[in-house]
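Colleague: The structure's right below; bear with me while I get my questions together.
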Amino acid sequence: MKQAYILVTAGVGVWVLLTNFPTFRSSSELAEYLFMFILVAIGEVAPVTIPRGSGTVSVSPPMNYTVTVLCGPAAGIWVNALATLRKRDFSGQVPLKLVLFNRGMLAISMFMFSKAYAAMGGHFGTLEWPRGYVAFLTAAIVDTLCNALQFSVYFSLDSGMSLRGVWRLNIQWSLPSMLALYPLGILMILVAQEAGPFLLTLFYLPLLTMKYSLTKYIELRLAYHEMAGALSNAIDARDAYTRGHSERVAEYAALLAKGLKLTEDRIEMIRYVGLLHDVGKIGIRDAIMKKQGTYTYEEYEEMKKHSVMGSQMLEGMKFIGKGQDWVKHHHERWDGRGFPDGLKGEEIPLEARIIACADSFDAMTTDRPYKAKLTILEAKEELARCAGTQFDPEVVKAMLKVVDRMISAGM
Ligand SMILES: [Fe+2]
Ligand SMILES: [Fe+2]
């Protein structure tokens, strides 16, 4: 399916390119065109990478629109498809079919832009008020959506993530900054129209600033990820028996959340909080953390404090939001006999019920100082036995399916 999609897009793109070959009336027109081609190519250097995806976002669209409106559809289609080529496209780093696929996507969306622009009464060569402006905005929206849709389909086929999930996680956040580029596109066209394309160089400062802030946003997301990973390693390192515990809990909880059809945003947040669910153990004394054998009543009471301590540690971390509560309540039980607040049933946040189930499953399937691990089948039985008492029955149902999938995948 994915291969067919790639081939069809690349094929249609090549066809669009070959049937729309740019022509120029004079050598100065050609020189202006080449200059703008270079500007687009510069804007494409070091593009912004989309989180968790393999795609990139660039700030060249207004420049591409300028070329299309002023030099005509064929010129725009060629710029959009070819000025966006980068070093990695030539070095073999990107497979040829993907290079062609990307060119295809870009050629198709600029083709759609020019069709929408013409259909709305826009003229090529000049941008006329008011009709040309309306035509331009319509065409820019068509191009953005066409691009986003083509990319989402590809990423969804590639990752197995739902189309809606890809849209929410990788596309939605970038749309407002794309919309901000439309008025800039109009301004660029007007400047090039009145003062010639060479003055367009002036626009590169704000464009690069915008690009910088996009890059920073993405770096920040990555930094959160790495920080959560580092913290979870620090937690697990305190106890040889729980090595990798937080990471596994995060993974199981994310699979569970996916099984329960939660949105991609929630799944991602559950993964983060899963990594940090035992962060409060950092504040528990070594004598208790490293104790071999069962706890005394007092020791157990002290150990229990880790959920509240953990949520306090996460206080003020805006990014975690409600995740603080999930940490606090990850040892609550469906029947109300858990801690710290003895919440019952749906009083416990769903995410906390999910993390609780993932947490216990990992505890069951790994060796602990006080007990040997259960086999996967025994753990499944134990989960089913505790549905409705310790765990939310719906969450257990989903967890059993996750476990079945892990077994068939050879865990
Ligand atoms: Fe815990
Ligand atoms: Fe835990």
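The values are calculated or read from the model by the stated rules, or taken from the named source; none is laboratory data. Please read these numbers as outputs of a predicted model, since none were measured by experiment. Methodologically, a virtual Cβ is constructed for each residue, glycine included, from the backbone with ideal geometry; neighbour enumeration extends over all protein chains shown.
Conditions (1) within 16 Å of ligand 2 (Cβ to nearest atom); (2) part of a helix (DSSP H, G or I); (3) closer than 27 Å to residue 161 by Cα, marked per residue:
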{"site": "199", "(1), (2), (3)": "no, yes, no"}
{"site": "209", "(1), (2), (3)": "no, yes, no"}
{"site": "219", "(1), (2), (3)": "no, yes, yes"}
{"site": "222", "(1), (2), (3)": "no, yes, yes"}
{"site": "250", "(1), (2), (3)": "yes, yes, yes"}
{"site": "258", "(1), (2), (3)": "no, yes, yes"}
{"site": "262", "(1), (2), (3)": "no, no, yes"}
{"site": "271", "(1), (2), (3)": "yes, yes, yes"}
{"site": "281", "(1), (2), (3)": "yes, yes, no"}
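Colleague: Right, residue 160: surrounded by fewer than 15 Cβ atoms within 10 Å (Cβ to Cβ) and within 22 Å of residue 8 (Cα to Cα) or not?
Modeller: Spelling it out, residue 160 is indeed surrounded by fewer than 15 Cβ atoms within 10 Å (Cβ to Cβ) and within 22 Å of residue 8 (Cα to Cα).
Colleague: Mind checking which residues of the range 283-296 are assigned to a helix (DSSP H, G or I), hydrophobic (A, V, I, L, M, F, W, C) and within 16 Å of ligand 1 (Cβ to nearest atom)?
Modeller: Hits for the range 283-296 are 288, 289.
Colleague: Another question, if that's okay. Looking at the range 392-411, I want the residues that are at negative phi and have a partner that is assigned to a loop (DSSP other than H, G, I, E, B) with Cβ atoms under 8 Å, at least 6 apart or on another chain. Which pairs are those?
Modeller: Cβ pairs passing all conditions: 392/334; 392/348; 393/334; 394/260; 395/260; 398/260.
Colleague: Starting from residues that are under 30 Å from the mean Cα position of the chain (by Cα) and more than 14 Å from ligand 2 (Cβ to nearest atom), keep the ones in the range 354-399 and report whichever is nearest to residue 328 (Cα to Cα).
Modeller: Step by step, filter the range 354-399, then rank; the result is 392.
Colleague: Quick check on my filter: what residues within the range 238-248 are within 14 Å of ligand 2 (Cβ to nearest atom) and either over 19 Å from residue 369 (Cβ atoms) or of a type in the set (A, V, I, L, M, F, W, C) (or both)?
Modeller: If the condition is that a residue be within 14 Å of ligand 2 (Cβ to nearest atom) and either over 19 Å from residue 369 (Cβ atoms) or of a type in the set (A, V, I, L, M, F, W, C) (or both), then 247 is the only one that fits.
Colleague: Does the range 369-384 include one or more residues that are of a type in the set (A, V, I, L, M), within 16 Å of ligand 1 (Cβ to nearest atom) and crowded, with 16+ Cβ neighbours inside 10 Å?
Modeller: Within the range 369-384 (the criterion being of a type in the set (A, V, I, L, M), within 16 Å of ligand 1 (Cβ to nearest atom) and crowded, with 16+ Cβ neighbours inside 10 Å), the answer is no, since none of the residues qualifies.
Colleague: Counting just the residues of the range 297-325 that are assigned to a loop (DSSP other than H, G, I, E, B) and under 17 Å from residue 359 (Cβ atoms), which one comes out modelled with the highest pLDDT?
Modeller: Checked the range 297-325; the qualifying residue modelled with the highest pLDDT is 305.
Colleague: For the range 217-233: of the residues being touching a helix residue (DSSP H, G or I) at 6+ places or on another chain (Cβ under 7 Å) and under 21 Å from residue 288 (Cβ atoms), which is nearest to ligand 1 (Cβ to nearest atom)?
Modeller: 232
Colleague: Something else: Within the range 234-248, take every residue that is in contact with a helix residue (DSSP H, G or I) (Cβ under 9 Å, 6 or more places away or on another chain) and part of a helix (DSSP H, G or I) and give me the one that is surrounded by the fewest Cβ atoms within 10 Å (Cβ to Cβ).
Modeller: 234
Colleague: Report, by residue number, each residue of the range 326-347 that is away from ligand 2 (no atom under 16 Å from the Cβ) and either part of a loop (DSSP other than H, G, I, E, B) or within 25 Å of the chain's Cα centre (by Cα) (or both).
Modeller: 334, 335, 336, 337, 341, 342, 343, 344
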